[in-house]
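The values are calculated or read from the model by the stated rules, or taken from the named source; none is laboratory data. Remember, predicted model here, so these are calculated numbers, not experimental data. So basically every Cβ, Gly included, is an ideal-geometry build from the backbone, and we count neighbours across all protein chains shown. We work out accessible area using only protein heavy atoms, side chains counted, and drop any ligands, DNA or RNA first. Shrake-Rupley method; radii C 1.70, N 1.55, O 1.52, S 1.80 Å.
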Amino acid sequence: MKLDYKSIKAAAAKIKFRTKAFINGKYVEAKSGKTYESINPATGKVLARVASCDEPDLNAAVAAARRAFNEGVWAKRSPAERKHILLKFADLIEANLAELALLDCLDAGKPISDCMNIDLPDTVHCFRWHAEAIDKEYEKVSPTGPDNVAMIVREPLGVVGAIIPWNFPIQMAAWKLGPILATGNSAVVKPARQTSLSVLRLAELAAEAGIPDGVLNVIPGNGAVLGAALCRHMDVDAVAFTGSTEVGRQLLHYSAESNLKRVVLELGGKNPQVVLEDAPDLDYVARQAANCVFWNMGENCSSGSRLIVHRKLKDKLLEKIIEVSREWKVGDPLDPATKIGPMIEQSHMNKVLEYIDSGKSEGAKLVLGGKRTLEKTGGFFIEATIFDNVKPNMRIAREEIFGPVLSVFTFDTEEEAIALANDTTYGLTASLYTKDVSRAHRVARALRAGTVSVNCFSEGDITTPFGGFKQSGFFGRDKSIFAHYQYTELKTVWVQL
Ligand code: NDP
(Lines give C-alpha, C1' and ligand atoms only; values in the text may rest on other atoms or scores of the structure.)
Protein backbone atom coordinates (compact mmCIF):
# COMPACT_ATOMS: atom_id res chain seq x y z
CA MET A 1 0.00 0.00 0.00
CA LYS A 2 1.34 3.43 -0.95
CA LEU A 3 1.27 5.88 1.91
CA ASP A 4 -0.70 8.67 0.25
CA TYR A 5 -4.25 9.52 1.26
CA LYS A 6 -5.81 8.42 -2.04
CA SER A 7 -4.14 4.99 -2.07
CA ILE A 8 -4.95 4.41 1.60
CA LYS A 9 -8.62 5.23 1.01
CA ALA A 10 -8.68 2.88 -1.99
CA ALA A 11 -7.13 0.08 0.10
CA ALA A 12 -9.63 0.73 2.91
CA ALA A 13 -12.56 0.42 0.49
CA LYS A 14 -11.38 -3.06 -0.56
CA ILE A 15 -10.31 -4.50 2.78
CA LYS A 16 -11.81 -7.85 3.89
CA PHE A 17 -12.88 -8.35 7.50
CA ARG A 18 -12.67 -11.57 9.50
CA THR A 19 -15.75 -11.32 11.70
CA LYS A 20 -16.17 -14.80 13.14
CA ALA A 21 -14.70 -16.18 16.35
CA PHE A 22 -11.50 -18.22 16.00
CA ILE A 23 -11.76 -21.42 18.00
CA ASN A 24 -9.61 -24.54 17.71
CA GLY A 25 -7.94 -23.33 14.51
CA LYS A 26 -11.13 -22.39 12.66
CA TYR A 27 -13.36 -19.37 12.14
CA VAL A 28 -16.82 -20.15 13.54
CA GLU A 29 -20.05 -18.22 14.06
CA ALA A 30 -21.19 -17.63 17.63
CA LYS A 31 -23.29 -20.66 18.60
CA SER A 32 -26.27 -18.36 19.17
CA GLY A 33 -25.81 -16.83 15.70
CA LYS A 34 -25.75 -13.38 17.32
CA THR A 35 -23.56 -10.55 16.07
CA TYR A 36 -22.79 -7.00 17.16
CA GLU A 37 -21.98 -3.91 15.11
CA SER A 38 -18.46 -2.56 14.97
CA ILE A 39 -18.70 1.16 14.27
CA ASN A 40 -16.12 3.23 12.40
CA PRO A 41 -15.56 6.11 14.85
CA ALA A 42 -14.46 8.44 12.04
CA THR A 43 -17.85 8.20 10.31
CA GLY A 44 -20.26 6.82 12.90
CA LYS A 45 -21.23 4.15 10.35
CA VAL A 46 -21.27 0.37 10.73
CA LEU A 47 -17.99 -1.15 9.59
CA ALA A 48 -18.70 -4.83 10.19
CA ARG A 49 -20.92 -7.24 12.09
CA VAL A 50 -18.88 -9.39 14.44
CA ALA A 51 -19.77 -12.72 16.09
CA SER A 52 -21.10 -12.02 19.58
CA CYS A 53 -19.85 -14.95 21.64
CA ASP A 54 -21.19 -16.01 24.98
CA GLU A 55 -20.74 -18.85 27.43
CA PRO A 56 -21.08 -21.87 25.06
CA ASP A 57 -18.46 -20.32 22.74
CA LEU A 58 -16.23 -19.56 25.71
CA ASN A 59 -16.52 -23.16 26.89
CA ALA A 60 -15.56 -24.42 23.43
CA ALA A 61 -12.53 -22.10 23.32
CA VAL A 62 -11.36 -23.05 26.81
CA ALA A 63 -11.84 -26.77 26.04
CA ALA A 64 -9.75 -26.42 22.86
CA ALA A 65 -7.06 -24.51 24.74
CA ARG A 66 -7.00 -27.10 27.54
CA ARG A 67 -6.84 -30.04 25.11
CA ALA A 68 -3.94 -28.40 23.25
CA PHE A 69 -2.17 -27.76 26.53
CA ASN A 70 -2.69 -31.28 27.87
CA GLU A 71 -1.59 -32.91 24.62
CA GLY A 72 1.58 -30.82 24.77
CA VAL A 73 1.39 -29.77 21.10
CA TRP A 74 2.78 -26.37 22.10
CA ALA A 75 3.74 -26.51 25.79
CA LYS A 76 5.98 -29.55 25.30
CA ARG A 77 7.58 -28.50 22.01
CA SER A 78 11.27 -27.74 22.42
CA PRO A 79 12.04 -24.09 23.15
CA ALA A 80 13.85 -23.81 19.80
CA GLU A 81 10.79 -25.08 17.91
CA ARG A 82 8.47 -22.64 19.68
CA LYS A 83 10.92 -19.89 18.89
CA HIS A 84 10.98 -20.73 15.17
CA ILE A 85 7.20 -20.75 14.93
CA LEU A 86 6.81 -17.46 16.80
CA LEU A 87 9.47 -15.88 14.58
CA LYS A 88 7.54 -17.04 11.52
CA PHE A 89 4.41 -15.54 13.08
CA ALA A 90 6.24 -12.21 13.45
CA ASP A 91 7.38 -12.41 9.81
CA LEU A 92 3.80 -12.97 8.66
CA ILE A 93 2.58 -9.99 10.67
CA GLU A 94 5.30 -7.91 9.04
CA ALA A 95 4.34 -9.19 5.59
CA ASN A 96 0.73 -8.13 6.25
CA LEU A 97 1.61 -4.97 8.14
CA ALA A 98 -0.32 -2.52 5.95
CA GLU A 99 -3.52 -4.57 6.10
CA LEU A 100 -3.34 -4.93 9.90
CA ALA A 101 -2.54 -1.23 10.30
CA LEU A 102 -5.58 -0.37 8.21
CA LEU A 103 -7.81 -2.63 10.32
CA ASP A 104 -6.83 -0.78 13.52
CA CYS A 105 -7.12 2.58 11.78
CA LEU A 106 -10.69 1.85 10.59
CA ASP A 107 -11.88 0.06 13.70
CA ALA A 108 -10.30 2.27 16.40
CA GLY A 109 -9.97 5.58 14.54
CA LYS A 110 -6.23 5.60 15.15
CA PRO A 111 -4.20 7.74 12.72
CA ILE A 112 -2.82 5.54 9.93
CA SER A 113 0.68 7.03 10.38
CA ASP A 114 0.72 5.84 14.01
CA CYS A 115 -0.60 2.39 13.05
CA MET A 116 2.00 1.99 10.28
CA ASN A 117 4.95 3.50 12.14
CA ILE A 118 4.35 2.63 15.79
CA ASP A 119 1.69 0.02 16.61
CA LEU A 120 2.49 -2.53 13.91
CA PRO A 121 6.32 -2.32 14.00
CA ASP A 122 6.08 -2.59 17.80
CA THR A 123 3.82 -5.65 17.44
CA VAL A 124 6.28 -7.39 15.12
CA HIS A 125 9.22 -6.52 17.36
CA CYS A 126 7.33 -7.68 20.45
CA PHE A 127 6.71 -11.17 19.04
CA ARG A 128 10.31 -11.41 17.76
CA TRP A 129 11.76 -10.35 21.10
CA HIS A 130 9.71 -12.81 23.15
CA ALA A 131 10.42 -15.57 20.61
CA GLU A 132 14.15 -14.95 20.78
CA ALA A 133 14.05 -15.00 24.59
CA ILE A 134 12.57 -18.53 24.70
CA ASP A 135 15.85 -20.43 24.34
CA LYS A 136 18.06 -17.87 26.09
CA GLU A 137 16.75 -18.21 29.64
CA TYR A 138 18.34 -20.81 31.93
CA GLU A 139 16.75 -22.43 34.96
CA LYS A 140 18.35 -22.62 38.39
CA VAL A 141 19.92 -25.13 40.74
CA SER A 142 19.69 -24.12 44.38
CA PRO A 143 22.70 -24.15 46.77
CA THR A 144 21.72 -27.24 48.82
CA GLY A 145 24.14 -29.52 50.67
CA PRO A 146 26.22 -32.24 48.92
CA ASP A 147 23.53 -34.94 49.28
CA ASN A 148 20.85 -33.23 47.24
CA VAL A 149 20.22 -31.55 43.96
CA ALA A 150 17.34 -29.08 43.93
CA MET A 151 16.27 -27.69 40.58
CA ILE A 152 14.04 -24.65 40.41
CA VAL A 153 12.16 -24.75 37.14
CA ARG A 154 9.43 -22.70 35.54
CA GLU A 155 6.41 -24.35 33.92
CA PRO A 156 3.59 -22.80 31.89
CA LEU A 157 0.39 -22.03 33.80
CA GLY A 158 -1.93 -23.76 31.31
CA VAL A 159 -4.85 -21.79 29.83
CA VAL A 160 -4.44 -18.03 30.03
CA GLY A 161 -7.20 -15.54 29.20
CA ALA A 162 -6.32 -12.12 27.76
CA ILE A 163 -8.77 -9.23 27.82
CA ILE A 164 -7.69 -6.52 25.42
CA PRO A 165 -8.64 -2.81 25.32
CA TRP A 166 -9.60 -0.75 22.27
CA ASN A 167 -6.89 1.92 22.36
CA PHE A 168 -4.01 -0.23 20.99
CA PRO A 169 -5.89 -3.30 19.72
CA ILE A 170 -3.18 -5.33 18.02
CA GLN A 171 -0.27 -3.98 20.06
CA MET A 172 -1.87 -4.83 23.42
CA ALA A 173 -2.74 -8.29 22.09
CA ALA A 174 0.96 -8.69 21.26
CA TRP A 175 2.08 -7.45 24.69
CA LYS A 176 -0.06 -10.22 26.24
CA LEU A 177 0.33 -13.00 23.66
CA GLY A 178 4.10 -12.61 23.18
CA PRO A 179 5.00 -13.80 26.71
CA ILE A 180 1.91 -16.04 27.13
CA LEU A 181 2.80 -18.10 24.05
CA ALA A 182 6.57 -17.88 24.52
CA THR A 183 6.24 -19.60 27.90
CA GLY A 184 4.16 -22.45 26.43
CA ASN A 185 0.64 -21.55 27.50
CA SER A 186 -2.57 -21.78 25.49
CA ALA A 187 -4.53 -18.54 25.13
CA VAL A 188 -8.15 -17.43 24.95
CA VAL A 189 -8.32 -13.79 23.86
CA LYS A 190 -11.31 -11.48 24.27
CA PRO A 191 -10.69 -8.34 22.23
CA ALA A 192 -12.57 -5.12 23.01
CA ARG A 193 -15.98 -5.05 21.35
CA GLN A 194 -15.15 -1.84 19.50
CA THR A 195 -11.95 -3.26 17.98
CA SER A 196 -11.96 -7.01 17.32
CA LEU A 197 -10.96 -7.03 13.67
CA SER A 198 -7.15 -6.93 13.80
CA VAL A 199 -6.95 -9.55 16.55
CA LEU A 200 -9.27 -11.87 14.57
CA ARG A 201 -6.96 -11.57 11.55
CA LEU A 202 -3.94 -12.15 13.81
CA ALA A 203 -5.33 -15.56 14.79
CA GLU A 204 -5.36 -16.67 11.15
CA LEU A 205 -1.73 -15.62 10.74
CA ALA A 206 -0.82 -17.55 13.89
CA ALA A 207 -2.32 -20.70 12.37
CA GLU A 208 -0.47 -20.07 9.10
CA ALA A 209 2.78 -19.76 11.06
CA GLY A 210 2.23 -23.21 12.56
CA ILE A 211 0.84 -22.43 16.01
CA PRO A 212 -1.22 -25.60 16.58
CA ASP A 213 -5.03 -25.62 16.67
CA GLY A 214 -6.44 -24.70 20.07
CA VAL A 215 -3.34 -22.83 21.25
CA LEU A 216 -4.65 -19.39 20.25
CA ASN A 217 -8.40 -18.76 20.34
CA VAL A 218 -10.16 -15.41 19.86
CA ILE A 219 -13.71 -14.87 21.12
CA PRO A 220 -15.25 -11.46 20.49
CA GLY A 221 -18.17 -10.43 22.68
CA ASN A 222 -19.48 -8.28 25.47
CA GLY A 223 -16.98 -7.67 28.27
CA ALA A 224 -19.49 -7.52 31.09
CA VAL A 225 -20.90 -10.93 30.08
CA LEU A 226 -18.25 -12.85 28.14
CA GLY A 227 -15.22 -11.18 29.77
CA ALA A 228 -16.66 -11.81 33.21
CA ALA A 229 -17.42 -15.46 32.33
CA LEU A 230 -13.83 -15.91 31.12
CA CYS A 231 -12.55 -14.54 34.44
CA ARG A 232 -14.89 -16.81 36.42
CA HIS A 233 -14.12 -19.92 34.36
CA MET A 234 -12.91 -22.78 36.55
CA ASP A 235 -10.59 -24.14 33.86
CA VAL A 236 -8.74 -20.88 33.14
CA ASP A 237 -5.50 -20.53 35.10
CA ALA A 238 -4.82 -16.84 34.71
CA VAL A 239 -6.22 -13.69 33.12
CA ALA A 240 -4.17 -10.79 31.80
CA PHE A 241 -6.11 -7.54 31.45
CA THR A 242 -5.57 -4.00 30.20
CA GLY A 243 -8.40 -1.54 30.76
CA SER A 244 -10.11 0.55 33.40
CA THR A 245 -9.28 0.38 37.11
CA GLU A 246 -12.98 -0.17 37.78
CA VAL A 247 -13.16 -3.38 35.72
CA GLY A 248 -9.72 -4.47 36.95
CA ARG A 249 -11.05 -4.35 40.49
CA GLN A 250 -13.96 -6.62 39.48
CA LEU A 251 -11.54 -9.16 38.03
CA LEU A 252 -10.08 -9.72 41.49
CA HIS A 253 -13.58 -10.56 42.74
CA TYR A 254 -14.12 -12.99 39.85
CA SER A 255 -10.88 -14.73 40.70
CA ALA A 256 -11.75 -14.94 44.40
CA GLU A 257 -15.24 -16.26 43.59
CA SER A 258 -13.95 -18.95 41.20
CA ASN A 259 -10.61 -20.79 41.23
CA LEU A 260 -8.15 -18.14 42.56
CA LYS A 261 -6.75 -17.74 39.07
CA ARG A 262 -3.81 -15.42 38.70
CA VAL A 263 -4.82 -11.91 37.61
CA VAL A 264 -2.43 -9.49 35.93
CA LEU A 265 -3.81 -5.95 35.64
CA GLU A 266 -2.57 -2.96 33.63
CA LEU A 267 -4.96 -0.12 34.41
CA GLY A 268 -5.47 3.62 34.19
CA GLY A 269 -3.22 6.61 34.77
CA LYS A 270 -3.24 10.32 35.57
CA ASN A 271 0.34 10.86 34.67
CA PRO A 272 2.43 13.90 35.62
CA GLN A 273 4.92 15.72 33.41
CA VAL A 274 7.15 17.66 35.80
CA VAL A 275 9.13 20.59 34.36
CA LEU A 276 11.69 21.88 36.88
CA GLU A 277 13.04 25.44 36.62
CA ASP A 278 16.32 24.26 35.05
CA ALA A 279 14.60 22.29 32.28
CA PRO A 280 16.58 22.19 29.04
CA ASP A 281 15.41 23.84 25.79
CA LEU A 282 11.75 24.79 26.21
CA ASP A 283 11.00 24.32 22.48
CA TYR A 284 12.00 20.68 22.87
CA VAL A 285 10.05 20.30 26.13
CA ALA A 286 6.94 21.78 24.48
CA ARG A 287 7.07 19.20 21.65
CA GLN A 288 7.61 16.30 24.05
CA ALA A 289 4.84 17.52 26.36
CA ALA A 290 2.30 17.83 23.52
CA ASN A 291 3.22 14.39 22.21
CA CYS A 292 2.95 12.92 25.71
CA VAL A 293 -0.61 14.13 26.20
CA PHE A 294 -2.10 14.13 22.68
CA TRP A 295 -0.56 11.01 21.14
CA ASN A 296 -3.28 8.44 20.39
CA MET A 297 -5.92 11.17 21.05
CA GLY A 298 -4.97 11.01 24.73
CA GLU A 299 -6.68 7.60 24.75
CA ASN A 300 -3.62 6.21 26.37
CA CYS A 301 -3.05 5.00 29.91
CA SER A 302 0.38 6.69 29.91
CA SER A 303 -0.95 10.02 28.60
CA GLY A 304 0.79 12.85 30.48
CA SER A 305 -2.42 14.68 31.23
CA ARG A 306 -1.00 16.79 34.11
CA LEU A 307 1.70 19.33 33.27
CA ILE A 308 3.35 20.43 36.52
CA VAL A 309 5.62 23.35 35.67
CA HIS A 310 7.75 25.76 37.69
CA ARG A 311 6.02 29.12 38.12
CA LYS A 312 8.93 30.96 36.45
CA LEU A 313 8.64 28.91 33.24
CA LYS A 314 4.88 28.49 33.07
CA ASP A 315 3.85 31.35 30.78
CA LYS A 316 6.68 30.83 28.32
CA LEU A 317 6.28 27.05 28.16
CA LEU A 318 2.49 27.18 27.91
CA GLU A 319 2.73 29.61 25.00
CA LYS A 320 5.07 27.20 23.19
CA ILE A 321 2.87 24.17 23.93
CA ILE A 322 -0.19 26.00 22.57
CA GLU A 323 1.75 26.83 19.41
CA VAL A 324 2.94 23.24 18.94
CA SER A 325 -0.52 21.85 19.71
CA ARG A 326 -1.97 23.72 16.73
CA GLU A 327 0.11 21.33 14.59
CA TRP A 328 -1.85 18.41 16.04
CA LYS A 329 -4.19 18.20 13.09
CA VAL A 330 -7.56 16.62 13.86
CA GLY A 331 -8.94 14.72 10.90
CA ASP A 332 -9.70 11.54 9.00
CA PRO A 333 -7.45 8.82 10.46
CA LEU A 334 -6.91 7.48 6.92
CA ASP A 335 -5.11 10.72 6.02
CA PRO A 336 -1.36 10.35 6.74
CA ALA A 337 -1.27 14.03 7.82
CA THR A 338 -3.77 13.43 10.64
CA LYS A 339 -2.36 13.37 14.17
CA ILE A 340 -5.63 13.25 16.15
CA GLY A 341 -8.37 10.89 15.01
CA PRO A 342 -11.82 10.49 16.56
CA MET A 343 -12.65 9.30 20.06
CA ILE A 344 -13.43 5.57 20.10
CA GLU A 345 -17.23 5.96 20.32
CA GLN A 346 -19.97 8.51 20.84
CA SER A 347 -20.44 7.76 24.53
CA HIS A 348 -16.72 8.19 25.16
CA MET A 349 -16.68 11.48 23.22
CA ASN A 350 -19.57 12.70 25.39
CA LYS A 351 -17.68 11.68 28.52
CA VAL A 352 -14.60 13.67 27.45
CA LEU A 353 -16.80 16.70 26.59
CA GLU A 354 -18.37 16.45 30.06
CA TYR A 355 -14.90 16.60 31.62
CA ILE A 356 -14.16 19.71 29.55
CA ASP A 357 -17.41 21.29 30.83
CA SER A 358 -16.50 20.39 34.39
CA GLY A 359 -13.08 22.05 33.98
CA LYS A 360 -14.80 25.26 32.85
CA SER A 361 -17.44 25.21 35.58
CA GLU A 362 -14.91 24.43 38.33
CA GLY A 363 -12.87 27.51 37.38
CA ALA A 364 -9.96 26.27 35.26
CA LYS A 365 -8.99 28.55 32.37
CA LEU A 366 -9.54 27.08 28.90
CA VAL A 367 -6.64 28.25 26.72
CA LEU A 368 -6.98 25.94 23.71
CA GLY A 369 -9.69 23.88 22.00
CA GLY A 370 -12.48 22.52 24.13
CA LYS A 371 -15.02 21.56 21.46
CA ARG A 372 -16.29 18.75 19.30
CA THR A 373 -15.16 19.26 15.71
CA LEU A 374 -15.73 17.87 12.18
CA GLU A 375 -19.28 16.97 13.21
CA LYS A 376 -20.44 16.73 9.58
CA THR A 377 -18.32 13.62 9.05
CA GLY A 378 -20.49 11.77 11.59
CA GLY A 379 -17.26 11.02 13.50
CA PHE A 380 -16.48 11.63 17.17
CA PHE A 381 -13.71 14.23 16.97
CA ILE A 382 -12.55 16.57 19.75
CA GLU A 383 -9.99 19.38 19.46
CA ALA A 384 -6.68 19.32 21.32
CA THR A 385 -7.61 21.04 24.58
CA ILE A 386 -5.57 22.78 27.29
CA PHE A 387 -6.64 24.15 30.69
CA ASP A 388 -4.46 26.52 32.72
CA ASN A 389 -4.85 27.32 36.45
CA VAL A 390 -5.99 23.83 37.32
CA LYS A 391 -6.36 23.12 41.04
CA PRO A 392 -5.68 19.66 42.55
CA ASN A 393 -9.26 19.12 43.74
CA MET A 394 -10.88 19.61 40.31
CA ARG A 395 -12.25 16.56 38.48
CA ILE A 396 -9.98 17.20 35.47
CA ALA A 397 -7.02 17.07 37.88
CA ARG A 398 -7.99 13.79 39.53
CA GLU A 399 -9.90 11.55 37.08
CA GLU A 400 -8.60 9.80 33.99
CA ILE A 401 -10.16 11.64 31.03
CA PHE A 402 -8.74 9.43 28.25
CA GLY A 403 -9.00 12.25 25.70
CA PRO A 404 -6.85 15.06 24.27
CA VAL A 405 -7.02 17.27 27.37
CA LEU A 406 -4.03 18.77 29.22
CA SER A 407 -4.28 20.32 32.70
CA VAL A 408 -1.58 22.78 33.76
CA PHE A 409 -0.43 23.28 37.38
CA THR A 410 2.34 25.48 38.80
CA PHE A 411 4.74 25.04 41.73
CA ASP A 412 7.54 26.93 43.47
CA THR A 413 9.73 24.23 45.05
CA GLU A 414 10.92 20.75 44.09
CA GLU A 415 9.12 19.26 47.13
CA GLU A 416 5.89 20.87 46.02
CA ALA A 417 6.34 19.49 42.48
CA ILE A 418 6.88 15.96 43.81
CA ALA A 419 3.87 16.21 46.12
CA LEU A 420 1.64 17.43 43.28
CA ALA A 421 2.90 14.71 40.94
CA ASN A 422 2.23 11.98 43.52
CA ASP A 423 -1.16 13.38 44.51
CA THR A 424 -3.12 10.75 42.60
CA THR A 425 -4.50 7.28 43.18
CA TYR A 426 -2.68 6.19 40.00
CA GLY A 427 1.02 5.54 39.39
CA LEU A 428 1.65 4.38 35.84
CA THR A 429 4.15 6.76 34.21
CA ALA A 430 5.76 10.15 34.85
CA SER A 431 8.18 12.35 32.97
CA LEU A 432 10.50 15.01 34.32
CA TYR A 433 12.72 17.67 32.82
CA THR A 434 15.92 19.07 34.39
CA LYS A 435 19.53 19.70 33.34
CA ASP A 436 20.90 18.56 36.71
CA VAL A 437 21.76 14.84 36.66
CA SER A 438 21.70 14.41 40.47
CA ARG A 439 18.37 16.09 40.67
CA ALA A 440 17.07 13.90 37.84
CA HIS A 441 17.95 10.76 39.83
CA ARG A 442 16.58 12.16 43.09
CA VAL A 443 13.24 13.22 41.63
CA ALA A 444 12.90 10.07 39.49
CA ARG A 445 13.21 8.00 42.68
CA ALA A 446 10.65 10.17 44.47
CA LEU A 447 7.99 9.84 41.76
CA ARG A 448 5.65 6.92 42.50
CA ALA A 449 5.22 5.47 39.00
CA GLY A 450 6.12 2.28 37.14
CA THR A 451 8.04 4.14 34.43
CA VAL A 452 9.73 7.53 34.88
CA SER A 453 11.24 9.12 31.79
CA VAL A 454 13.80 11.88 32.15
CA ASN A 455 14.05 14.71 29.60
CA CYS A 456 11.67 12.95 27.22
CA PHE A 457 8.33 11.18 27.05
CA SER A 458 8.94 7.44 26.76
CA GLU A 459 7.31 4.17 27.73
CA GLY A 460 10.69 2.46 27.42
CA ASP A 461 11.11 -0.32 24.87
CA ILE A 462 10.44 -4.06 24.73
CA THR A 463 13.37 -4.75 27.11
CA THR A 464 11.82 -2.72 29.95
CA PRO A 465 8.81 -3.71 32.05
CA PHE A 466 5.64 -1.63 31.76
CA GLY A 467 3.01 -1.41 34.48
CA GLY A 468 1.87 0.63 37.39
CA PHE A 469 2.18 1.45 41.05
CA LYS A 470 -0.92 2.04 43.21
CA GLN A 471 -4.25 1.67 41.37
CA SER A 472 -2.57 1.60 37.94
CA GLY A 473 -1.77 -2.06 38.15
CA PHE A 474 -1.72 -5.31 40.01
CA PHE A 475 0.75 -8.15 40.19
CA GLY A 476 2.68 -8.07 36.94
CA ARG A 477 4.16 -6.14 34.07
CA ASP A 478 3.86 -6.13 30.28
CA LYS A 479 7.02 -6.40 28.13
CA SER A 480 10.53 -7.60 29.00
CA ILE A 481 11.61 -10.92 30.48
CA PHE A 482 9.67 -10.07 33.66
CA ALA A 483 6.46 -10.65 31.68
CA HIS A 484 7.52 -14.28 31.15
CA TYR A 485 7.65 -14.96 34.86
CA GLN A 486 4.02 -14.05 35.52
CA TYR A 487 2.77 -16.67 33.05
CA THR A 488 4.75 -19.50 34.65
CA GLU A 489 4.65 -21.45 37.91
CA LEU A 490 7.81 -22.06 39.93
CA LYS A 491 8.48 -25.71 40.72
CA THR A 492 11.13 -27.23 42.99
CA VAL A 493 12.43 -30.68 42.06
CA TRP A 494 14.31 -32.03 45.09
CA VAL A 495 16.55 -35.02 44.42
CA GLN A 496 18.17 -37.13 47.16
CA LEU A 497 21.52 -38.40 45.95
P1 NDP B 1 -13.08 -1.39 30.14
O2 NDP B 1 -12.16 -1.59 31.27
O3 NDP B 1 -14.55 -1.57 30.36
O4 NDP B 1 -12.71 -2.37 28.90
C5 NDP B 1 -11.49 -3.04 28.69
C6 NDP B 1 -11.76 -4.48 28.30
O7 NDP B 1 -12.42 -5.15 29.37
C8 NDP B 1 -12.68 -4.66 27.09
O9 NDP B 1 -12.27 -5.80 26.36
C10 NDP B 1 -14.03 -4.89 27.73
O11 NDP B 1 -14.97 -5.53 26.92
C12 NDP B 1 -13.64 -5.75 28.91
N13 NDP B 1 -14.61 -5.75 30.01
C14 NDP B 1 -15.55 -4.82 30.31
N15 NDP B 1 -16.24 -5.18 31.42
C16 NDP B 1 -15.73 -6.36 31.83
C17 NDP B 1 -16.00 -7.24 32.91
N18 NDP B 1 -16.96 -6.96 33.80
N19 NDP B 1 -15.27 -8.38 33.02
C20 NDP B 1 -14.30 -8.67 32.15
N21 NDP B 1 -13.99 -7.88 31.08
C22 NDP B 1 -14.68 -6.74 30.93
O23 NDP B 1 -12.83 0.04 29.54
P24 NDP B 1 -13.84 0.93 28.66
O25 NDP B 1 -13.72 0.49 27.28
O26 NDP B 1 -15.22 0.94 29.25
O27 NDP B 1 -13.21 2.37 28.90
C28 NDP B 1 -13.52 3.06 30.11
C29 NDP B 1 -12.30 3.77 30.64
O30 NDP B 1 -11.30 2.81 30.98
C31 NDP B 1 -11.61 4.68 29.64
O32 NDP B 1 -12.23 5.92 29.56
C33 NDP B 1 -10.23 4.74 30.24
O34 NDP B 1 -10.23 5.66 31.30
C35 NDP B 1 -10.01 3.35 30.80
N36 NDP B 1 -9.25 2.47 29.86
C37 NDP B 1 -7.93 2.26 30.12
C38 NDP B 1 -7.17 1.54 29.24
C39 NDP B 1 -5.71 1.34 29.47
O40 NDP B 1 -4.95 1.35 28.51
N41 NDP B 1 -5.28 1.12 30.70
C42 NDP B 1 -7.73 0.96 28.01
C43 NDP B 1 -9.16 1.16 27.87
C44 NDP B 1 -9.86 1.90 28.78
P45 NDP B 1 -16.02 -4.66 26.05
O46 NDP B 1 -15.22 -4.10 24.95
O47 NDP B 1 -17.06 -5.56 25.58
O48 NDP B 1 -16.55 -3.59 26.97
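With all pairs of different C-alpha atoms in the average, the Kirkwood value for the hydrodynamic radius of the stretch 204-328 is 18.1 Å. By the scheme Lys and Arg +1, Asp and Glu -1, what is the net charge of all other residues having a beta-carbon under 13 Å from that of ARG439? Neighbour charge sum, excluding ARG439 itself: -2. Only Cα sites of the stretch 387-459 enter the Debye sum here, all with the same form factor; the resulting log10 I(q)/I(0) across q = 0.17, 0.22, 0.25 1/Å is -0.69, -1.15, -1.39, listed in q order. Among 310-318, 382-390, 260-268, the peptide with the highest mean count of other Cβ atoms within 10 Å heads the list, and the full ranking is 382-390, 260-268, 310-318.
Can you pull a Stokes-Einstein diffusion coefficient for the stretch 370-497 at 20 °C (1.002 mPa s), Rh from Kirkwood over Cα pairs, as a whole number of µm²/s? Let's see the in-between values first.
Values: Rh = 17.9 Å.
Once the numbers are plugged in, D ends up at 120 µm²/s.
Treating r as the C-beta distance of VAL495 and THR35 and R0 as 35 Å, the FRET efficiency rounds to 0.05.
Just the protein heavy atoms count here, and of the accessible area of the chain at 1.4 Å, carbon and sulfur take up 52 percent. Rg ratio for the chain: its Cα radius of gyration over 2.2 N^0.38 Å, N being its residue count, equals 0.99.
Using 1/(1 + (r/R0)^6) with R0 = 51 angstrom and r between the beta carbons of ASP357 and MET151, what's the FRET efficiency to the nearest 0.05?
Values: r = 61 Å, r/R0 = 1.20.
Approximately 0.25, to the nearest 0.05.
Using Cα atoms only, what is the angle between the long axis of helix 346-361 and the major principal axis of the chain, expressed in degrees (0 to 90) to the nearest 10? Value to nearest ten degrees: 40.
Taken over the C-alpha atoms, the stretch 289-414 has Rg and Dmax values of 14.0, 47 angstrom. Here the alpha carbons of the stretch 1-132 define both size measures, Rg and Dmax, at 17.5, 50 Å. Entry comment: accessible area of the chain is 40 Å² per residue, from protein heavy atoms only and a probe of 1.4 Å.
Per Stokes-Einstein, at 20 °C and 1.002 mPa s, what whole-number D in µm² s⁻¹ belongs to the stretch 256-336, with the Kirkwood radius over Cα pairs as the hydrodynamic radius? In µm²/s, the coefficient is 144.
Could you tell me what percent of the DSSP beta bridges with both partners in the chain are antiparallel, to the nearest 5?
Working: 29 of 66 bridges.
Close to 45 percent.
Grab the Cα-Cα distance for ARG326 and SER458, subtract it from 0.36 nm times how many residues apart they are, and report the gain in nm with one decimal.
45.3 nm
If packing is taken as the average count of other Cβ atoms within 10 Å, what order do 108-118, 452-462 fall into, highest mean first?
So the peptides 108-118, 452-462, ranked by packing, come out 108-118, 452-462.
Between PHE482 and ALA95, full extension at 0.36 nm per residue minus the direct alpha carbon distance yields a gain of 136.5 nm.
Using +1 at the C-beta of Lys and Arg and -1 at the C-beta of Asp and Glu, which of ALA446, ILE382, ALA417 has the Cα lying farthest in the positive direction of the dipole of the stretch 370-459? About the Cα centre, the residue reaching furthest to the positive side is ILE382.
As a calculated quantity, the FRET efficiency between ASN291 and THR144 at R0 = 41 Å, using C-beta atoms, amounts to about 0.20.
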